[in-house]
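Every number here is computed from the coordinates shown, using simple stated rules; none is lab data. Predicted model only: the values in this text are computed from it and were never measured. Here Cβ is always computed from backbone atoms with ideal geometry, including for glycine, and neighbour counts include all displayed protein chains.
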Ligand code: G4P
């Protein structure tokens with residue numbers, strides 16, 4: 001499949017974003033990177049580490065409501081090994097977010113103390129949210145920000161034009177998140193972003209995409225996947241992605257005149273149902289892929 005030619009991130013946009021993040025780095029004490037718990041590799045940004053230099057980072061494994069619990073824990077452990085705190089969260093319902101401020105505080109403890117030692121009575125620590133499109137940045141900001149934005153006019157050292165949300169009495173968040181770009185130099189990344197709905201379907205060949213998704217599902221079919229499409233492990237083991245798509249279309253009665261199977265409709269159905277979590281909680285990337 002050749003998604004690569006269709007999925008692009010404009011270099012000009014990337015340079016502008018890099019510059020904006022670099023400028024904001026001077027104003028903040030830590031960065032919160034939001035990634036998708038189902039695809040932690042494909043939804044993270046390859047250049048962020050270099051961009052952040054020594055800034056502390058907290059990772060939010062968002063959409064954990066749609067990810068496999070065991071896999072999410074493996075990712076938490078993976079990050080812990082790298083001395084990075086990663087929190088599984090669901091920004092749609094707010095689950096897990098009660099750990100956000102305490103975790104951030106732990107990460108910023110030294111900084112806080114250093115500021116107090118310098119004589120700053122009530123130091124305020126500031127964070128910035130970053131993440132690729134559709135990963136849940138706005139949902140997160142809406143969840144954790146208090147209704148009022150912090151007032152900027154009487155804050156020394158705060159650049160004009162930047163607005164801050166109050167998270168707690170000593171913690172503020174930049175109101176505009178940094179929109180990062182995914183790493184499209186690996187074809188798999190584009191596919192995985194499309195499977196999870198982070199990239200719009202209309203720029204992709206939906207049938208090819210569904211076939212590749214079904215190749216993945218075939219390896220580890222969940223019971224709910226098999227049941228929804230009246231399949232068995234046996235009857236999918238020897239078919240390829242396209243044949244499986246045809247089977248699904250047939251079993252769901254998606255026929256066009258002449259009795260042919262409407263594989264385009266079947267493809268849309270398969271991907272929609274995966275994104276809706278109808279096949280259960282499925283993680284597509286595991287830490288072992290990085291080793
Ligand atoms: P962005 O700012 O990073 O671009 O992402 P945004 O918050 O707009 O979220 C993108 C989509 O992901 C939204 O769905 C949002 O509701 C959903 N989302 C965010 N966090 C979570 C989560 O933890 N779990 C789940 N299941 N979904 C999450 P949408 O389809 O665009 O809107 P809607 O369905 O909420 O109306």
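Give me the distance in nm between label points sitting 7 Å out from Cα along the Cα-to-Cβ direction at residue 73 and residue 257, one decimal.
Reported label-point gap for residue 73 and residue 257 is 5.6 nm.
Can you show me the helix-derived [θ] at 222 nm for the chain, built from DSSP H runs with n ≥ 4 at -39,500 (n - 2.57) apiece and divided by the number of residues, rounded to the nearest 500. Intermediate results must be reported in sequence, preceding the final value.
Details: 11 runs with 117 residues, N = 291.
The per-residue figure over the chain is -12000 deg cm²/dmol.
Would you please classify the overall shape of the chain from the alpha carbon gyration tensor, given that a ≥ b ≥ c denote the square roots of the eigenvalues, rounded means a/c under 1.5, and beyond that prolate means a/b larger than b/c while oblate covers the rest? Before the final figure, lay out the partial values.
Working: a/c = 2.59, a/b = 2.21, b/c = 1.18.
Prolate.
Compute the Cα gyration tensor for the stretch 13-175, then decide on rounded, prolate or oblate, letting a ≥ b ≥ c be the square roots of its eigenvalues: rounded whenever a/c is under 1.5, prolate when a/b is larger than b/c in the other cases, and oblate in all that remain.
Working: a/c = 1.58, a/b = 1.48, b/c = 1.07.
It is prolate, given that a/c is not under 1.5 and a/b is the larger ratio.
Arrange the peptides 190-199, 263-272 so that the one whose residues have, on average, the most other Cβ atoms within 10 Å appears first. Mind showing how you got there, number by number?
Working: 190-199: 22.8, 263-272: 20.3.
Final packing ranking: 190-199, 263-272.
Angle check, please: helix 241-251 long axis (alpha carbons) against the longest principal axis of the chain (alpha carbons), in degrees 0 to 90, nearest 10.
So the inclination is approximately 70 degrees.
Let me have the relative contact order for the stretch 205-290, percent, based on Cα pairs under 8 Å that are six or more residues apart.
Values: 72 pairs, mean separation 30.8, N = 86.
Relative CO of the stretch 205-290 lands at 36 percent.
Can you give me the distance in nm between label points at residue 223 and residue 275, each placed 7 Å from the Cα along the Cα-to-Cβ direction?
Going by the 7 Å Cα→Cβ label model, 2.8 nm.
How do the peptides 59-65, 245-251 rank, highest first, by the average count of neighbouring beta carbon atoms within 10 Å per residue?
Values: 59-65: 24.9, 245-251: 19.9.
Packing order, densest peptide first, comes out as 59-65, 245-251.
Using the C-alpha gyration tensor of the stretch 205-290, what are the square roots of 5 times its eigenvalues, in whole angstrom, with the largest one first?
Numbers: eigenvalues 100, 36, 30 Å².
Value: 22, 13, 12 Å, ordered largest first.
Principal axis extents for the stretch 42-130, Cα atoms only, whole Å, descending order, please.
Computed over the Cα atoms, the extents are 47, 30, 22 Å.
Specify the angular offset, from 0 to 90 degrees and rounded to the nearest 10, of the alpha carbon long axis of helix 263-275 from the longest principal axis of the alpha carbons in the chain.
With both axes taken from Cα atoms, the answer is about 40 degrees.
Which distance in nm do the two modelled labels at residue 240 and residue 50 give, with both placed 7 Å along the Cα-to-Cβ direction?
3.8
So for 132, 167, fewest C-beta neighbours within 10 Å to most, what's the order? Don't skip to the answer; put the middle values down first.
Working: 132 23, 167 20.
So the ranking, lowest neighbour count to highest, is 167, 132.
Which order results if 47, 212 are arranged by neighbouring Cβ count within 10 Å, fewest first?
Numbers: 47 14, 212 19.
Fewest to most other Cβ atoms nearby, the residues stand as 47, 212.
What is the angle, in °, between the Cα long axis of helix 206-219 and the longest principal axis of the Cα atoms in the chain? Nearest 10 is fine, range 0 to 90.
Helix 206-219 sits at roughly 90 degrees to that axis.
In the stretch 13-175, what % of DSSP beta bridges are antiparallel (nearest 5)? Mind showing how you got there, number by number?
Values: 7 of 24 bridges.
In the stretch 13-175, approximately 30 percent of DSSP beta bridges are antiparallel ones.
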